[in-house]
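Notes to accompany the following structure.
The values are calculated or read from the model by the stated rules, or taken from the named source; none is laboratory data. Computed from a predicted structure; not experimentally measured. Virtual Cβ from ideal backbone geometry, glycine too; neighbours counted across all protein chains shown.
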Amino acid sequence: MTPETTLILFKPDAVSKNITGTVLARFQAAGFLIRGIKMMHLSDEVLAEHYSHIADKPFFPSVRSFMQETPVIALALEGENVIATVRDLLGPTDSMVAPAGTIRGDFGFKDADAKMRNVCHASDSVEAAQAEIKRFFKEDEIFTY
């Protein structure tokens, strides 16, 4: 099997709670390799593209506002079956139902009104990962070693 590369965004709740290193350590303990990592502020344009599937919804302004509360950390992570495994490590998108032992179960907000505050975004397919990595990283910011 060929290794995959996925995109993970550490969301503002992870950054403000200072848990990004703890979460990153879980990904690395699973055997995954960092291919790119950087902190950045997300522009309105990048957010509209990244969330194009909900950009026309009435709740999108609150999503945009949340994602601009702090910088985010973009991470390109590589490994065998990394996309599915990272999503398993994260647990369900809704932190309220994420079991203990998952990243969202351990660190996500337990508030029905805070579903976006779920620590990380992670790509859900190879195709999405490829597009998302290009959105957040320049070609020379992805490394092999």
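Of the residues making up the range 23-35, those that are more than 13 Å from the chain's Cα centre (by Cα) and either in contact (Cβ under 8 Å) with a residue 40 or more places away in the chain or part of a loop (DSSP other than H, G, I, E, B) (or both) number 7.
Screening Ser43 against (1) surrounded by 13 or more Cβ atoms within 10 Å (Cβ to Cβ); (2) of a type in the set (Gly, Ala, Ser); (3) farther than 16 Å from Ser123 by Cβ leaves a single unmet condition, (1).
Number of residues in the range 99-124 that are on the phi < 0 side of the Ramachandran plot, surrounded by fewer than 17 Cβ atoms within 10 Å (Cβ to Cβ) and of a type in the set (Gly, Ala, Ser): the value is 3.
The single condition among (1) surrounded by 15 or more Cβ atoms within 10 Å (Cβ to Cβ); (2) in contact with a helix residue (DSSP H, G or I) (Cβ under 8 Å, 6 or more places away or on another chain) that Met96 does not satisfy is (2).
Whether a residue is of a type outside the set (Val, Ile, Thr), in contact (Cβ under 8 Å) with a residue 60 or more places away in the chain and part of a helix (DSSP H, G or I) was assessed, and Ala74 does not pass this test.
Confirm whether Leu42 is part of a loop (DSSP other than H, G, I, E, B), in contact with a His (Cβ under 9 Å, 6 or more places away or on another chain) and of a type in the set (A, V, I, L, M). The answer is yes for Leu42. Within the range 90-106, the set of residues being closer than 15 Å to Phe10 by Cβ and at pLDDT 95 or above comprises Leu90, Ile103, Arg104, Asp106. Which members of the range 55-87 meet the condition of being out of contact with any strand residue (DSSP E or B) (no Cβ under 6 Å at 6 or more places or on another chain), closer than 20 Å to Ile133 by Cα and either crowded, with 20+ Cβ neighbours inside 10 Å or charged (D, E, K, R) (or both)? Within the range 55-87, Arg64, Met67, Glu80 qualify.
In the range 22-39, the qualifying residues are those that are out of contact with any strand residue (DSSP E or B) (no Cβ under 6 Å at 6 or more places or on another chain), surrounded by fewer than 18 Cβ atoms within 10 Å (Cβ to Cβ) and not small (Gly, Ala, Ser), and the one that is nearest to Pro71 (Cα to Cα) is Thr22.
Looking at the range 1-21 only, could you name the residues that are in contact (Cβ under 8 Å) with a residue 40 or more places away in the chain, surrounded by fewer than 16 Cβ atoms within 10 Å (Cβ to Cβ) and farther than 20 Å from Asp94 by Cα? Once the filter is applied, which keeps residues that are in contact (Cβ under 8 Å) with a residue 40 or more places away in the chain, surrounded by fewer than 16 Cβ atoms within 10 Å (Cβ to Cβ) and farther than 20 Å from Asp94 by Cα, the range 1-21 yields Met1, Pro3.
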